[in-house]
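Worksheet for the structure shown next.
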Amino acid sequence: MIGKSRSRRRAEAGLLTDLELALSRSPRGICPALPWRWRYELILAIGVPVVIIHLLASGNGLLDASLVAFCIGLLWSPSRAAVAARAWCIVTPHRVRAGCVQARIYGRNGRLPFIFRTTLQPFGERVLIWCTAGTTAEDFKSARSVLRAACWAADVRITRSPRYAHLVTLDVIRYQVPRPTW
């Protein structure tokens with residue numbers, strides 16, 4: 001009898017969650033945040049054509065020298081690894097947002113947490129997140145597996161700022177850091 005009432009409560013809670021999802025607004029971002037979210041893509045979309053046009057207009061061999069330097073950079077393994085690591089710093093915030101939507105980490109007004117910055121670390125990337133009203137670090141901790149899958153990561157570590165409750169650090173672990181052997 002007790003097991004039956006628990007499963008019934010669980011089913012009712014699931015129905016309430018589905019009802020809330022159907023009646024609530026879909027997650028959306030703050031409009032001023034949209035250019036911030038896509039800043040690197042906008043810079044590349046505007047900057048690369050401007051640089052190419054400038055190099056073509058100069059006509060003194062700068063385009064040839066730039067192409068040679070670019071090709072050498074692609075062929076040199078350390079530079080390729082550095083470019084790939086920086087590319088992950090651009091991709092990861094988008095993946096974290098997708099994970100937040102899938103894990104339903106957003107406020108009742110539909111606002112997603114705001115991602116301040118993504119920094120490169122030896123283990124992968126570190127993402128600093130500002131939790132909007134209605135989201136907490138515990139929401140991220142309960143959705144750890146969803147975030148790990150969304151970020152294509154080996155693991156995800158979530159830590160709350162010791163000083164500010166609304167700041168959350170998300171460590172996206174892609175690489176196993178070699179431990180020193182002493």
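Among strands (runs of 3 or more DSSP E) lying entirely in the range 72-182, which contain 1 or more residues that are surrounded by fewer than 17 Cβ atoms within 10 Å (Cβ to Cβ) and of a type in the set (A, V, I, L, M)?
Counting at least 1 such residues, we get 114-121, 124-130, 167-173.
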| task | Could you check Trp76 against (1) over 16 Å from Thr169 (Cβ atoms); (2) in contact (Cβ under 8 Å) with a residue 60 or more places away in the chain and say which number it fails? | result | (2)
| request: Would you check which residues across the range 108-165 are β-branched (Val, Ile, Thr), out of contact with any Phe, Trp or Tyr (no Cβ under 9 Å at 6 or more places or on another chain) and touching a residue at least 24 places away in the same chain (Cβ under 8 Å) and list them? | output: Thr119, Thr136, Val146
| Boolean, Arg104 is at pLDDT below 95, of a type in the set (D, E, K, R), on the phi < 0 side of the Ramachandran plot and touching a Leu at 6+ places or on another chain (Cβ under 9 Å) | no
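The values are calculated or read from the model by the stated rules, or taken from the named source; none is laboratory data. Bear in mind that the values here come from a model prediction, so they are computed numbers and not experimental data. Virtual Cβ from ideal backbone geometry, glycine too; neighbours counted across all protein chains shown.
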